[in-house]
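What follows is a short report on a single structure.
Values quoted throughout were computed directly from the atomic coordinates according to the rules given, and no laboratory measurement underlies them. Source: prediction; values computed, not measured. Glycine also receives a Cβ, built like all others from the backbone with ideal geometry; neighbour counts cover every protein chain displayed.
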Amino acid sequence: MEHTDKLIGLWPAAGLRARSGPLELRWINDRLLAELAELAAEGIHAPGQMPFTVPWSRGTKDQVARNVLEYQWAVRSQVGPGKLVLEMAVLLDGVPVGVQAASGDNWAILRSVETGSWLGRAQQGRGLGTRMRALMLHLLFDGLHAREVRSTAFADNHASNAVSIKTGYLPDGRFRDVREGAPVTVNRYRMDVERFGHRRDSLAGLLGAPVEISGAEPVRDRLAGAG
Ligand SMILES: CC(C)(COP(=O)(O)OP(=O)(O)OC[C@H]1O[C@@H](n2cnc3c(N)ncnc32)[C@H](O)[C@@H]1OP(=O)(O)O)[C@@H](O)C(=O)NCCC(=O)NCCS
């Protein structure tokens, strides 16, 4: 038995995948993690911007790369009925280009998560962020049977707000928060399973190639507390 097959047998999330044409979401193993850390170190946003509540993307290249490692290692085990943190590498033609994540507490009761993502700067602004979110929605609703998916974005993060709207989330109010010591407005968005049902075809059209999900059933079992 291959090392990866053994891992998937013990830890089903390691075998979770979603694919649509050249775009793929894949569990972040250590090889992918090192590549993603290097990618983040090259920069995710302009120095004057901060898209994240925790400013992990600031610092020297080595610091940013290590922040990615530390975060991913810290959350990797959180795939269970009480807490789900699903961090998926985004690959384009097999090359890692970013991360698409979803997380939430009390999955077995609520089946509700919040999405978050980043792309290397060279890959931004070409529609990829929209497509990877659309693919994640398929994975969450069709693959894992989520009931609700939420997202938040700082009001000045145009791309992130636009991705939520383009993929069909509905605005769900706003609140004020603190970003690097200053007040900031955060927009909330949400999509429930009924809305996803209405949007499924247009999301598939946006992706432009059939969606294939694999490895979801054993993850669903584990999330239900049965695996
Ligand atoms: C947010 C992010 C994942 C979006 O991915 P992306 O590939 O850049 O977004 P898309 O190309 O799919 O763009 C979606 C829409 O955003 C808008 N948009 C994209 N880049 C923009 C920019 N720099 N300024 C203003 N609007 C922008 C466009 O309206 C676009 O719609 P269009 O294709 O109809 O023109 C990516 O920009 C990113 O990684 N940003 C830094 C990290 C981040 O902000 N993460 C989210 C934290 S909440």
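Most fluctuating residue of W73, W107, W27 in a GNM of the chain with Cα springs under 10 Å: which is it?
W73
So which lysines pass the test for K6, namely a Cα distance under 20 Å, with those fewer than 8 places away in the same chain ruled out?
By straight Cα distance, K6 reaches no lysines at all.
What are the lysines whose alpha-carbon lies under 18 Å from the alpha-carbon of K83, with same-chain residues fewer than 8 places away excluded?
none
What's the exposure ranking of I44, I28, I8, I165, going from fewest to most Cβ atoms within 10 Å? Provide the component values of the computation, followed by the final result.
Details: I44 21, I28 24, I8 18, I165 15.
Listing I44, I28, I8, I165 from fewest to most nearby Cβ atoms yields I165, I8, I44, I28.
Sort out for me the Cα centre separation of region 20-80 from region 99-130, rounded to whole Å.
12 Å
Which of H45, H138 comes first, and how do the rest follow, when ranked by fewest Cβ neighbours within 10 Å?
With the fewest neighbours first, H45, H138 line up as H45, H138.
Taking the Cβ of each residue in V149, V219 as the centre, tally the other Cβ atoms inside 10 Å and list the residues starting with the fewest.
Ascending number of Cβ neighbours within 10 Å: V219, V149.
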